[in-house]
Amino acid sequence: MLDKEKTILVVDDIQPSRETVINCLRVLGYKNTREAADGKEALEVLEKSQDIQLVISDWKMPRMNGVDLLRSMRSESRWEDLPFIFLTSKSESEDVAEASDLGVTEYMIKPLSIDVLAEKVDSLGSGNPRQKLSTVLKGVKKDCSRKDFSRAVTRLTGLLEELPSMRSRIYFEMARVYFQAGEIKRARTVVEQALSINHLLGKAWFLKAELEKEEQNWQEARASLNRALEIQPRNADYFLCLGDTLLYLEDNMKARESFQRAMNIAPEEDWIKTRTWDIYLKHDLCQEAEASFGSLLINCLGSDVLNNYAVALRKKGEMARAVELYAVALKKDPDNPGLLFNAAVSDYYNGNFRRAVNRLERAIELQPGFAQAEAFLKKLTKKG
């Protein structure tokens with residue numbers, strides 16, 4: 001049971017709805033409550049308050065909805081174990097599955113029943129299943145970092161009887177351990193056990209796809225990823241993995257659609273574009289990536305990535321395009337001696353002698369004793 005002296009945070013954009021929850025909590029003996037009208041406000045309250053022991057949140061809210069609030073909380077170590085109850089009108093199985101994947105503690109359907117609220121709140125506290133699992137997972141993480149995979153599996157096996165309601169999640173975590181240990185077949189068997197218990201565990205379908213890709217079962221991986229996306233249709237990681245799988249299947253058009261959908265989920269996130277580029281690079285399809293996404297990808301890449309791509313183009317004899325990429329890279333990192341040297345080489349072979357000399361002189365100024373730059377500058381000066 002929770003401490004009746006500590007605070008419960010109630011999050012809902014509709015004030016009468018918040019008041020209903022607060023009044024029910026007071027009847028149950030929980031006098032200390034805080035309110036927030038959306039997820040952003042809730043995070044501000046959490047930042048300032050040290051005694052919040054439970055969050056009860058609506059799902060659909062402006063600015064930041066309940067799902068994004070939960071996602072933000074679970075990404076922070078200080079809130080990763082904080083009990084979180086959804087109180088919402090959503091009742092579709094896919095919605096429940098998404099909340100479960102993100103780490104929701106309990107789930108209640110509107111209209112609120114004080115009896116259901118009492119049951120859910122009374123089940124929380126130090127002995128609640130999520131906190132027990134979280135404690136074990138911290139140990140599992142340490143075991144895996146030390147490559148002690150057998151100990152990690154033993155920890156999880158001990159929970160199967162203790163927490164029968166979380167068996168699907170425990171099997172999923174066990175499959176992850178086997179995957180890290182390189183035991184692909186065993187990992188696949190265990191993740192299928194997880195899915196036999198809860199076929200709406202999206203991250204288990206995603207892990208199954210990763211295992212199938214390890215075995216080069218591209219069609220099976222594609223099917224598993226499509227299943228994961230049915231459950232969580234706004235997961236950029238799933239779309240990126242699907243795009244990678246489709247490139248292995250040589251379905252470049254569908255792959256491009258998958259990468260575009262990943263970018264559309266969070267257009268402001270450069271990591272999605274960078275991951276997309278890395279996948280195309282792995283398949284030696286950089287030029288196709290450029291043709292498909294153009295400056296959308298190129299402008300988000302770091303100077304090192306651009307430098308490597310420009311070097312590859314230079315080796316293929318595509319000097320003009322290499323020069324363009326070096327120009328973009330130097331805007332991001334103008335005082336990089338190695339980048340200046342490579343750009344100078346491309347300039348020279350592209351017929352721009354004066355700019356090549358200027359860049360070599362700048363590279364030597366920034367890095368005295370840069371032997372390659374000095375030798376090349378000497379060579380150009382003699383020719384000049």
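The values are calculated or read from the model by the stated rules, or taken from the named source; none is laboratory data. Bear in mind the structure is a predicted one, so any value in this text is a computation, not a measurement. Note that we place each Cβ from the backbone using ideal geometry, even for glycine, and neighbour counts take in every protein chain shown. Just so you know, the surface numbers come from the protein's heavy atoms only, side chains and all, with ligands and any DNA or RNA stripped out. Shrake-Rupley method; radii C 1.70, N 1.55, O 1.52, S 1.80 Å.
Criterion applied to A187, A175, A181 was being within 21 Å of the chain's Cα centre (by Cα) and open to solvent by less than 40 Å² (accessible area, probe 1.4 Å), and the one residue passing it is A175. Taking region 143-155 as the range and being assigned to a helix (DSSP H, G or I), of a type outside the set (S, T, N, Q) and open to solvent by less than 100 Å² (accessible area, probe 1.4 Å) as the test, the residues that pass are D143, C144, F149, A152, V153, R155.
Kindly evaluate K40 against the criterion of being open to solvent by 80 Å² or more (accessible area, probe 1.4 Å) and either under 17 Å from R63 (Cβ atoms) or acidic (D, E) (or both).
Considered against the rule, which asks whether it is open to solvent by 80 Å² or more (accessible area, probe 1.4 Å) and either under 17 Å from R63 (Cβ atoms) or acidic (D, E) (or both), K40 comes out as yes.
Counting the residues of region 227-252 that are open to solvent by 40 Å² or more (accessible area, probe 1.4 Å) and either closer than 17 Å to N217 by Cα or in contact with a strand residue (DSSP E or B) (Cβ under 7 Å, 6 or more places away or on another chain) (or both) gives 5. If you check K315 against the conditions, is it over 22 Å from T276 (Cβ atoms), open to solvent by 10 Å² or more (accessible area, probe 1.4 Å), at pLDDT below 95 and out of contact with any Gly (no Cβ under 9 Å at 6 or more places or on another chain)? Yes.
Of the helices (runs of 4 or more DSSP H) that lie entirely inside region 53-140, those containing 1 or more residues that are modelled with pLDDT under 85 span 93-102, 114-122.
Summed over region 268-295, the residues that are more than 17 Å from C241 (Cα to Cα) and loosely packed, with under 14 Cβ neighbours inside 10 Å give a count of 4.
Of the helices (runs of 4 or more DSSP H) lying entirely inside region 265-384, those carrying at least 2 residues that are out of contact with any Leu (no Cβ under 8 Å at 6 or more places or on another chain) and charged (D, E, K, R) are 270-282, 303-315, 319-332, 353-366, 371-383. Hey, any hits in region 197-213 for a residue that's part of a helix (DSSP H, G or I), farther than 30 Å from L297 by Cβ and free of Cβ contacts under 8 Å to residues at least 60 places away in the same chain? Taking every residue of region 197-213 in turn, at least one turns out to be part of a helix (DSSP H, G or I), farther than 30 Å from L297 by Cβ and free of Cβ contacts under 8 Å to residues at least 60 places away in the same chain. Does at least one position in region 374-383 carry a residue that is aromatic (F, W, Y) and either within 25 Å of W277 (Cβ to Cβ) or open to solvent by 40 Å² or more (accessible area, probe 1.4 Å) (or both)? No, region 374-383 has no match at all. Being open to solvent by less than 40 Å² (accessible area, probe 1.4 Å), farther than 30 Å from D3 by Cα and not hydroxyl-bearing (S, T, Y) is a description that does not apply to V140. Would you pick out the residues in region 45-64 that are on the phi < 0 side of the Ramachandran plot and either in contact with a Lys or Arg (Cβ under 6 Å, 6 or more places away or on another chain) or surrounded by fewer than 19 Cβ atoms within 10 Å (Cβ to Cβ) (or both)? Answer for region 45-64, where residues must be on the phi < 0 side of the Ramachandran plot and either in contact with a Lys or Arg (Cβ under 6 Å, 6 or more places away or on another chain) or surrounded by fewer than 19 Cβ atoms within 10 Å (Cβ to Cβ) (or both): V45, E47, K48, S49, Q50, D51, Q53, W59, K60, P62, M64.
Residue under question is A255, and the condition is that it be in contact (Cβ under 8 Å) with a residue 24 or more places away in the chain, open to solvent by less than 30 Å² (accessible area, probe 1.4 Å) and out of contact with any Pro (no Cβ under 8 Å at 6 or more places or on another chain); does it hold? Spelling it out, it is not the case that A255 is in contact (Cβ under 8 Å) with a residue 24 or more places away in the chain, open to solvent by less than 30 Å² (accessible area, probe 1.4 Å) and out of contact with any Pro (no Cβ under 8 Å at 6 or more places or on another chain).
I'm checking my understanding of the structure. Among residues of region 122-134 that are surrounded by 12 or more Cβ atoms within 10 Å (Cβ to Cβ) and among the hydroxyl-bearing types (S, T, Y), which one is nearest to A204 (Cα to Cα)? Top of the filtered list is S134. Looking at T33, T7, T20, T88, just one residue is farther than 20 Å from Q232 by Cα and open to solvent by less than 20 Å² (accessible area, probe 1.4 Å), and that residue is T7. Can you find a residue in region 327-336 that is loosely packed, with under 15 Cβ neighbours inside 10 Å, of a type in the set (D, E), touching a residue at least 12 places away in the same chain (Cβ under 8 Å) and in contact with a helix residue (DSSP H, G or I) (Cβ under 7 Å, 6 or more places away or on another chain)? Yes, region 327-336 contains a residue that is loosely packed, with under 15 Cβ neighbours inside 10 Å, of a type in the set (D, E), touching a residue at least 12 places away in the same chain (Cβ under 8 Å) and in contact with a helix residue (DSSP H, G or I) (Cβ under 7 Å, 6 or more places away or on another chain). For N23, the conditions (1) at pLDDT 90 or above; (2) within 30 Å of R227 (Cα to Cα); (3) polar (S, T, N, Q); (4) over 21 Å from the mean Cα position of the chain (by Cα) all hold with the exception of (2). Selection of region 7-52 for residues being assigned to a strand (DSSP E or B) and of a type in the set (S, T, N, Q) yields T7, T33.
Residue-wise test of (1) touching a helix residue (DSSP H, G or I) at 6+ places or on another chain (Cβ under 6 Å); (2) touching a residue at least 60 places away in the same chain (Cβ under 8 Å).
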{"site": "T20", "(1), (2)": "no, yes"}
{"site": "V27", "(1), (2)": "no, yes"}
{"site": "E35", "(1), (2)": "yes, no"}
{"site": "E41", "(1), (2)": "no, no"}
{"site": "L46", "(1), (2)": "no, no"}
{"site": "D68", "(1), (2)": "yes, no"}
{"site": "S89", "(1), (2)": "no, no"}
{"site": "T105", "(1), (2)": "yes, no"}
